[in-house]
1. Give the peptides 240-247, 358-365, 459-466, 92-99 in descending order of average Cβ contacts within 10 Å, highest first.
2. By counting other Cβ atoms within 10 Å of each Cβ, how are 432, 29 ranked from fewest to most?
3. Can you tell me the orientation of helix 57-71 relative to the chain, as the angle in degrees between its alpha-carbon axis and the longest Cα principal axis, to the nearest 10?
4. Measure nothing but the geometry: give the 0 to 90° angle between the long axis through the Cα atoms of 425-438 and the longest principal axis through the Cα atoms of the chain, rounded to 10°.
5. Counting alpha carbon pairs within less than 8 Å and at least 6 residues apart, what relative contact order, in whole percent, applies to the stretch 330-399?
6. Sequence gap at least 6, Cα distance under 8 Å: using those rules, report the relative contact order of the chain to the nearest whole percent.
7. List the relative contact order of the stretch 128-211 as a percent without decimals, with contacts defined as Cα pairs under 8 Å and 6+ residues apart.
8. Could you pull the Rg and Dmax for the stretch 8-211, using just the Cα atoms, both in Å?
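No lab work stands behind these numbers, since they all come straight from the coordinates. Predicted model only: the values in this text are computed from it and were never measured. Neighbour counts are summed over all protein chains in view; Cβ atoms, including those assigned to glycine, are modelled from backbone coordinates with ideal geometry.
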């Protein structure tokens, strides 16, 4: 699948499988260097270039880049970390074909402000940069940098900057498939424009690797999207319930509208009696049910047609929210748990986590996540561990939202614009996921589709976005999605 994300180890295995299948390693390296040169030539006219090479295969790619640019008349200086004689394998062969000078790596290579090709370290760097490598990376500040695979210092699996030093690239050229670190922050911001180049690895290697992480998009879940059929009716499209709060009523109303626009056949807002008039004065498409107490809420859920419930937005933190979350779980409903529904269990996370199932989706931001789960480690690992711990889908929000399933599948959402950093946007997201669950999507698909549609709707609106805009931008997004 085009959206597959490969870990560093999986990419190394892809290379090994291709070589075992008859694709020579030197050919892959030559193709990688040629791909970098092709992208450079498409963006810049000939100018002085400093190619910085490390001691491994990333450096071998750099030798190819230097040779091909020099053959086309570009002024090239090549700096090497370590001794040329210490290079091994394909990198040594690539170095032999370079006939120009090899200078010791140092900041002096950057004098005059050349275009910099960063081929020092690839995605598998396992320790912080130090010594001359760190000094050179820090000296790249303000220069135009082209990174080979990832900017040196960024870990390909996590997007983390090891030791705090990595250049900000204008362009990153990677090969065959992206890695999680190309999308996870801060790696995503340091990669700049990222191009995935075909270097001759056969697609068949993916059959043996069986990736478990993807860039979120319609290719991942589109075949299972619950488009209405000619014989559909409103009950066939699900009846979603939003537990509305009595004070922060905007959250529940935004979520309910998100569920409606996502396609739920019916949406009921269950609210305190004193807030009934406010909810009822909203969208005429909504059903509003006054619910006086926890027993009344449990009675509302006894209707088996009400098949999906959202709890948390504007609900308030406390015993009543806890009781209603547990009532929805006891009733066997598909659940989206957000905001106050999560924080209400902060004092005893196990009371919630031990009750969840795969029909539940949790949508915490980082603060809410830390109240329930171990906050240590990189984002992808934390989300996967949390999903495995609770047996539910975990959508860990942010500019690099991660969606993780209990079985280890994960997706990174990359289409959300910065305009989504506004009050109420998360409530709409929770409602969209609720609407998809009500229509029968499973938890992982619903969370992935909801996150992507949320980002696409925000992009449809653009600058000036407020949360109310998101549900009404969704029809245009869905029309394009259905048109393919």
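1. Details: 240-247: 25.9, 358-365: 23.8, 459-466: 13.9, 92-99: 16.5.
Result, highest mean Cβ count within 10 Å first: 240-247, 358-365, 92-99, 459-466.
2. On the way: 432 32, 29 23.
By the 10 Å Cβ count, ascending, the order reads 29, 432.
3. The angle comes out at about 60 degrees.
4. 70 degrees
5. Working: 87 pairs, mean separation 26.1, N = 70.
RCO, the stretch 330-399: 37 percent.
6. Working: 1081 pairs, mean separation 59.3, N = 484.
Answer for the chain is 12 percent.
7. Numbers: 150 pairs, mean separation 22.8, N = 84.
The normalised contact order for the stretch 128-211 reaches 27 percent.
8. In Å, with Rg to one decimal and Dmax whole: 15.6, 48.
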